[in-house]
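Below you'll find the structure, written out as structure tokens, and then a few comments.
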Amino acid sequence: MIRPICKDEAFLAQKAEIAVPNDLPVAQDLLDTLQHHRAGCVGVAANMIGVNKRIIAFEQDGSYMVMFNPEIVRKAGPYDAEEGCLSLVGTRPAKRWHSIKVRWQNEQFQVRVKNFTGWTAQIIQHELDHCEGILI
């Protein structure tokens, strides 16, 4: 289901709770909402659709990926970026890393670990900031 984008900064500033298997429908809502906004959006976190859980969805090489309970376990190559967000007006500066190693759970809640670089790494970092209650 396409969900409305949350713009309540007090809600968005809350740290997200751990996702569990009962939260699987949220992932589908994230994907539906991301596809609906694909012209101006490359990633969404669950709190952006009003659900305070550690779930993100993002575009990667023409397809979409969902992560449950993602966390960065290694990062390298800091740089300054300028980012926008569907939940906020305008663009803002952000500190990002060129290369990150992420540990997360897939839709079967199996643990996965992978390195991401460049644009995809930046998208993941933005969405993980949402999970931590950090607004750019």
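Since every read-out is calculated from the coordinates, none of them should be taken as a lab result. The model shown is predicted, which means the values in this text are computed figures rather than measured ones. Methodologically, a virtual Cβ is constructed for each residue, glycine included, from the backbone with ideal geometry; neighbour enumeration extends over all protein chains shown.
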Taking the radius of gyration and the Kirkwood hydrodynamic radius from Cα positions alone, what is the Rg/Rh ratio for the chain, to two decimal places?
0.92
Cut-off 11 Å between beta-carbons: net charge of the residues surrounding Arg96, Lys and Arg +1, Asp and Glu -1
-2
Expressed as a whole-number percentage, the relative contact order of the chain with C-alpha contacts under 8 angstrom and at least six residues apart is 26 percent
If each DSSP helix of 4+ residues adds -39,500 (n - 2.57) and the sum is divided by the residues in the chain, what number results at 222 nm, nearest 500 deg cm²/dmol?
-7000 deg cm²/dmol
Using a Gaussian network model of the chain with C-alpha springs under 10 Å, which one of Val42, Val113, Val66 is most mobile by mean-square fluctuation?
Val113
Can you give me the C-alpha center-to-center distance between the stretch 105-120 and the stretch 22-96, rounded to a whole angstrom?
13 Å
Take Ile49, Ile72 and order them by how many other Cβ atoms sit within 10 Å, fewest up front.
Ile72, Ile49
In Å, the Kirkwood hydrodynamic radius of the stretch 7-83 over pairs of distinct alpha carbons?
13.6 Å
Which of Ser87, Ser99 has the fewest other C-beta atoms within 10 Å, and how do the rest follow up to the most?
Ser99, Ser87
Quick check on the exposure proxy: order Phe109, Phe68, Phe58 from fewest to most C-beta atoms within 10 angstrom.
Phe109, Phe58, Phe68
Which lysines have a Cα lying under 28 Å from the Cα of Lys7, excluding residues fewer than 8 positions away in the same chain?
Lys15, Lys53, Lys95
Test of understanding: in a Gaussian network model of the chain with alpha carbons linked when under 10 Å, which of Ala57, Ala39, Ala16 would top the mean-square fluctuation ranking?
Ala39
